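Presented below is the structure to which this report refers.
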Amino acid sequence: MVALLEEQGHEVWYYENIEGGHGGAADNAQAAFKSALTFAFLTEKL
């Protein structure tokens, strides 16, 4: 999907946490990091 979007000229932003299970975070520190990334992105783009 990323390759297709880039081919069409779109800027792609994503973060893939390779640790953890279905919750997307293995522990509270990783959950906090993921939340910080989200808020930093929204602050920059909005």
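Roughly how many debye, to the nearest 20, is the charge dipole of the chain about its Cα centre, given +1 on each Lys and Arg Cβ, -1 on each Asp and Glu Cβ, and no other charges?
200
Ranked highest first by average number of other Cβ atoms within 10 Å, how do 29-37, 5-13 line up?
29-37, 5-13
What percent of all Cα-Cα pairs in region 2-45 falls into each 5 Å bin, going from 0 up to the bin containing the maximum distance?
Bin by bin from 0 Å, the calculated values are 5, 20, 20, 17, 18, 14, 5, 1.
Suppose only helical runs count, i.e. DSSP H with n ≥ 4. What mean residue ellipticity at 222 nm does that imply for the chain under -39500 (n - 2.57) per run, divided by all residues and rounded to the nearest 500 deg cm²/dmol?
Computed mean residue ellipticity for the chain: -16000 deg cm²/dmol.
Each value in this text was obtained by applying a stated rule to the coordinates, not by laboratory testing. Please read all numbers here as calculations on a predicted model, not as lab measurements. All Cβ positions, glycine included, derive from the backbone under ideal geometry; neighbour counts span all protein chains shown.
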